[in-house]
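Note sheet for the following structure.
The values are calculated or read from the model by the stated rules, or taken from the named source; none is laboratory data. Predicted model, so just to flag it, every value in this text is computed and none were measured. Positions of Cβ are backbone-derived with ideal geometry, glycine not excepted, and every protein chain shown enters the neighbour counts.
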Amino acid sequence: MELPASAYSVTLLISVLHVHVLVFFCASILCLQTADCLSMLGNGTDRLALLEFKAKIGNDPYGILSSWNDSVNFCKWQGVSCARKHQRVTSLNLQGLSLSGAISPSVGNLTFLRFLNLGANEFRGEIPQEIGRLFRLRHINLTDNALKGEIPINISYCSELKILLLSSNILVGKIPPELGSLKKLVSLALFKNNLMGEIPHSLGNLSSLQALSLAYNKLKGNIPNELGRLTSLMVLSVSSNDLTGTVPSSIYNISSMTKLSFSLNQIKGSVPANIGLTLPNLQEFAYGLNQFHGTIPLSLANASQLEIIDIASNFFSGEIPRNFGDLSSLQFLNLAQNFLGNNTSQDLNFVTSLSNCSNLQELYFDHNNLVGVLPNSIINVSSLISLFLGNNQISGRIPAEIGNLANLNALGMEENLFSGSLPISLGKNQRMQMLYLNNNKLSGEIPASLGNISQLYHLVLAMNKLEGNIPASIGHCTNLHLLDLAENKLTGTMPKQIIGLSSLSLVLNLSQNSLIGPIPQEVGKLKNIGEIDISGNKLYGEIPKAIGDCSSLEILNMQANFLQAPIPLSIASLRGLQSLDLSRNKLTGKLPKELEKLLFLQYLNLSFNNLSGEVPRTGIFNNLSAISLVGNNNLCGGTPQLKLPVCPGKQKKHRSPIVIILATTLSSVAFLVAVTFSSLFYCRKSRKSPTSTPPIVDRLPRISYKELLQATGGFSSENLIGQGSFGLVYRGSLDQQGYRLVAVKVLNLQQRQASKSFIAECKILRNLRHRNLVKVLTYCSSIDFKGNDFKALVFDFMANGSLEMWLHPRENNGNAQSRSSRSLNLLQRLQIAIDVASALHHLHDNCEVPIIHCDLKPSNILLDDDMTAHVGDFGLARLRSETENSSSRGQTSSIGMKGTIGYMAPGKKYGVGNAATTSGDTYSFGIILLEMFTGKRPTDEVFTNGLSLHSFVKSKLPGRVNQVLDPILFTAGDMGTATNNTYENAGDEIQESIENLRVEGGNVEKCIVSVLKIGVSCAAELPEDRMKMRDATRKLNVIKDGFLRARNPRDQRRGN
């Protein structure tokens, strides 16, 4: 039976549809399988690329990459992000993890990568050319590493790139002109490198660019006119280069501009009169240290969002705009070192307008040509933290209520024409740290209220007309480092409270006044003072013997007084003394021969006294141009150039043969008697038990074995707190209540040379007294309950353990979290460094015979309750005379290897067969100083192939200090600025990086750089190139002063 035609057609249609559906279904399955295969292939490539990247990492201190293994999918590895759809790597973010090594070229195989952030690590080597294959890449952050070489031209192939951050590396060469092809680039940061050449004109093609920072390089030439085409530009920073020429006028037409920073170049020209109209969004205007001239445009105040104006050190002249008071957001105004002022009484009118600037914190208009009276309205700028207006011709009285500036911590009004009395209100300012009022016409008495300023570091009132007594209340300023009251009309005696102010470490200058009375004995408390000048007064009496306790003194001037009696021999103990002037007094007695031993003395003036006796012939006395002895008529001898008479005692005496024979006979008899008694003593000594105590040790108090056994709980493991060079250290208590905690060092007498170590440590420590040395309390030399020899030393207990435990707590505690919970902030590290330096300075320079520690390292530096550092473990220490004698006899050291690997000076200065030297201690200190601030041991595995901790730090100074600092410094509560750059927002990231690194131009970074430079100098390879410990101590104290000044609650924001 045949189907109708219509039915047949329907059947045929259904069949065709079935076929199409089947074909479509099969095709779909095939397509899905193909996609899966392609996806799996791509995933495998990404996984392999990440593993190759990991293989190039030499050090992963936080174990971040330990998760990069097959136990989890690579998309879940820390720092890795993938797209949900195809599971390809789109983001690699490993910022701030202290990773070191090279950046693997395999990163170029992550072809779906859009975000690459490896900033704030320690990557070395060159930037891989393969990055240019990542055509999807939008964000590159490689800042704060140690990358070298040139910027790869291939980066210009990353056409989607919006963010390119390569700052704070060691990149060299020119900026590739090819970067001008990155049309979508929003932010380009290349600051803090070693880039040279000119700024490429092609950068003017980056039409989307919002932030361009090329600061701190070695760029030359002019600023390209083409940059004026960047109409979206908000940040332009080219400071600290060698740029010349003028600023292109087209740049002043970029109305979106918020920051212009051209500081520290050689740019000249004037600022357009309409700048505030064409750049209405300007927030930072930094033109300091250039060659700009002309007047300050009045229109600048039209940029109402301005926060920073820095035009210091240029050639600006004319009037300071009064409309600056319209800038309500202004925080920092620096007009110093120009030629501002019209020599009229109107010059300071701008000060009154600043009363409206409620956010102004720092105001500098010193070193100009301003005249007139300082308006009382200055006290209305209540937010001020720093005010410097010195070196002008400002007259009148200091505003009476200036003390109402409660936030002020630095006030500089020096070298002006101020008159009248010092305002009593100054004492109300509890935050004041620096007060400079010198070189004015101030009169009246010094207010006793100044003693209320407990935070005061520097007080300089010199060269005025101040009178009356020096207020004893100034002795309450227990943080005072510098006091200069010279060239006034002060009377009365020298207050003991001030003369004994132990915080004084820089200068005490009371010269050219009318002070009377004796010099207080309390002067010996000035152990850290560098200069004392009390010349030109009416002081009388003796020079205190205690002056010899001023162990850091370099300059001592007591001339033109009425001082009497002989020169105290204790002055000869001032090993670092460079200048000594005792002239024009009434000193008598013999000229101390010991002065010739002051090796660093460069100037000696003893003229016009009543000194007598023989003049030495060596040391400074052999330098005729460096000494003055005129006016002492009873001196004799010395070098022929002095033309003094021959001393009477130097004439030859003729003795008779009988006298000679008698003297010879008596000497022989005395020698025989001495030999006989020595033999008897030796025989008696040889019969004693082996535990007999050397005479050196007998001078210390003694404790029994039983007492130590009880004190340490039977030397239990619970009380074991450490290990020294030759034994174990236990915690103990010498009273039943447990109040007197001690540390008991039990020597392992089975260890070679342990007994000699015991004697050496007793010999060194028995007479040492210094706040930064561990004090030995008692000792035990006995027999234990098993009949074995037993020797132990007992020290003060140090509650905070060793510096080693604080620098590397995770290694010592086995706890990955412990480092963040137990860390030292910057100020603590600096103070510990000063403590250790002071101890070594005392050992090397202030002991009768220099003492060499021989094994200085963090584990031998102990911290007490107050975190004061004490140097301990003198088991390897030597007296320099011993090492010299040993060396002269060709003998090796009796205690074997001197020092610890990593802290021992090159050339094995402490090694067997080599004499120990003070320079070896200095090297150890330098390495410890670098370790303290980098957090890296000198034996860290990263230091291979010729790289050392010393060379690593040296290569980063001064411009890349942030690449070597211990990251914990930024979280330990005293750094002031934490590094936490995410760079997620294209419009904000470069500004964030600049703000977070703002310290680069401030005092804090300068302090850190200075500390590291001391470490580098102390750890120099050649001994003769190493800094002396007295110099290191002095400089560290100065650095601490600078850091404390920089810690004040202000935003150290100066133009880049």
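Could you list, in sequence order, all residues of region 322-356 that are of a type in the set (S, T, N, Q) and within 36 Å of the chain's Cα centre (by Cα)?
Filtering region 322-356 for residues of a type in the set (S, T, N, Q) gives 323, 328-329, 331, 334, 337-338, 342-346, 349, 352-353, 355-356.
Hits for region 322-356 are SER328, SER329, GLN331, ASN334, GLN337, ASN338.
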Exercise for the section: Could you grab the pairs with beta carbons closer than 7 Å, sequence gap of 6+ or different chains, first residue in region 783-794 and in the same structural domain as THR712 (by TED's automatic domain parsing), second one of a type in the set (D, E, K, R) and in a loop (DSSP other than H, G, I, E, B)? Expected result: PHE790/ASP784
Exercise for the section: Could you list all residues from region 464-493 that are more than 33 Å from the chain's Cα centre (by Cα), surrounded by fewer than 23 Cβ atoms within 10 Å (Cβ to Cβ) and assigned to a loop (DSSP other than H, G, I, E, B)? Expected result: PRO471, GLU487, GLY492, THR493
Fill in the blank from the handout: Of the conditions (1) buried (at least 23 other Cβ atoms within 10 Å of the Cβ); (2) out of contact with any strand residue (DSSP E or B) (no Cβ under 7 Å at 6 or more places or on another chain); (3) not in a loop (DSSP other than H, G, I, E, B), the single one that SER505 does not satisfy is (3)
Exercise for the section: Go over the candidates SER1017, SER993, SER924 one by one and state the one that is at pLDDT 80 or above and buried (at least 20 other Cβ atoms within 10 Å of the Cβ). Expected result: SER924
Practice task
Looking for whichever is in contact with a helix residue (DSSP H, G or I) (Cβ under 8 Å, 6 or more places away or on another chain) and within 30 Å of GLN331 (Cα to Cα) here; the options are LEU182, LEU236. Which one fits?
Solution key: LEU236
Problem - In region 138-164, the residues that are in a loop (DSSP other than H, G, I, E, B) and within 24 Å of ASP60 (Cβ to Cβ) - result: LEU142, THR143, ASP144, ASN145, ALA146, LEU147, GLY149
Practice task
Answer with yes or no whether SER299 is modelled with pLDDT of 95 or more and touching a Gly at 6+ places or on another chain (Cβ under 6 Å).
Solution key: yes
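Given the structure, is GLU130 free of Cβ contacts under 8 Å to residues at least 60 places away in the same chain and either in the same structural domain as VAL953 (by TED's automatic domain parsing) or assigned to a loop (DSSP other than H, G, I, E, B) (or both)? Working first, answer last.
Numbers: free of Cβ contacts under 8 Å to residues at least 60 places away in the same chain: yes; either in the same structural domain as VAL953 (by TED's automatic domain parsing) or assigned to a loop (DSSP other than H, G, I, E, B) (or both): no.
For GLU130, the condition - free of Cβ contacts under 8 Å to residues at least 60 places away in the same chain and either in the same structural domain as VAL953 (by TED's automatic domain parsing) or assigned to a loop (DSSP other than H, G, I, E, B) (or both) - is not met.
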Practice task
With the condition kept exactly as written, say whether any residue in region 315-329 is of a type in the set (Val, Ile, Thr) and under 19 Å from SER270 (Cα atoms).
Solution key: yes
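Conditions (1) touching a strand residue (DSSP E or B) at 6+ places or on another chain (Cβ under 9 Å); (2) of a type in the set (Gly, Ala, Ser), marked per residue:
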{"residue": "GLU467", "(1), (2)": "yes, no"}
{"residue": "HIS481", "(1), (2)": "yes, no"}
{"residue": "SER511", "(1), (2)": "yes, yes"}
{"residue": "ASN528", "(1), (2)": "no, no"}
Completion exercise
The number of residues in region 550-582 that are touching a residue at least 60 places away in the same chain (Cβ under 8 Å) and among the small types (Gly, Ala, Ser) is 4
Problem - Pair list, Cβ under 6 Å, 6 or more apart: region 145-170 residue among the polar types (S, T, N, Q), other residue surrounded by fewer than 18 Cβ atoms within 10 Å (Cβ to Cβ) - result: ASN154/GLN129; ASN154/GLY132; SER156/GLU178; SER156/SER181
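Within the group SER386, SER345, which residue is out of contact with any Ser or Thr (no Cβ under 9 Å at 6 or more places or on another chain) and crowded, with 20+ Cβ neighbours inside 10 Å?
Numbers: SER345 fails: crowded, with 20+ Cβ neighbours inside 10 Å.
Matching residue, one of SER386, SER345: SER386.
Does region 441-450 contain at least one residue that is in contact with a helix residue (DSSP H, G or I) (Cβ under 7 Å, 6 or more places away or on another chain) and of a type in the set (Lys, Arg)? Lay out the reasoning, then the answer.
Within region 441-450, the subset in contact with a helix residue (DSSP H, G or I) (Cβ under 7 Å, 6 or more places away or on another chain) is 447-450.
Subset that is of a type in the set (Lys, Arg): none.
No.
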Practice task
Report the residue count in region 809-844 for those that are at pLDDT 80 or above, touching a helix residue (DSSP H, G or I) at 6+ places or on another chain (Cβ under 8 Å) and of a type outside the set (Lys, Arg).
Solution key: 16
Fill in the blank from the handout: Only one of (1) part of a loop (DSSP other than H, G, I, E, B); (2) touching a strand residue (DSSP E or B) at 6+ places or on another chain (Cβ under 9 Å) does not apply to ILE394, and that is (1)
Fill in the blank from the handout: Taking region 165-191 and keeping residues assigned to a loop (DSSP other than H, G, I, E, B) and surrounded by fewer than 18 Cβ atoms within 10 Å (Cβ to Cβ) leaves VAL172, GLY173, PRO176, LYS183, LYS184
Problem - Unique residue being over 22 Å from PHE332 (Cβ atoms) and free of Cβ contacts under 8 Å to residues at least 40 places away in the same chain when the list is LEU282, LEU227 - result: LEU227
Handout entry: Test result for PHE350, at pLDDT 95 or above and assigned to a strand (DSSP E or B)
Key = no
Exercise for the section: For region 296-316, indicate whether the set of residues that are closer than 19 Å to SER240 by Cα, in contact (Cβ under 8 Å) with a residue 60 or more places away in the chain and under 37 Å from the mean Cα position of the chain (by Cα) is non-empty. Expected result: yes
Exercise for the section: Determine if region 282-305 includes at least one residue that is β-branched (Val, Ile, Thr), under 26 Å from ALA410 (Cβ atoms) and surrounded by fewer than 19 Cβ atoms within 10 Å (Cβ to Cβ). Expected result: no
Handout entry: Those residues of region 192-238 which are touching a Phe, Trp or Tyr at 6+ places or on another chain (Cβ under 6 Å) and either surrounded by fewer than 23 Cβ atoms within 10 Å (Cβ to Cβ) or among the aromatic types (Phe, Trp, Tyr) (or both), in sequence order
Key = TYR216
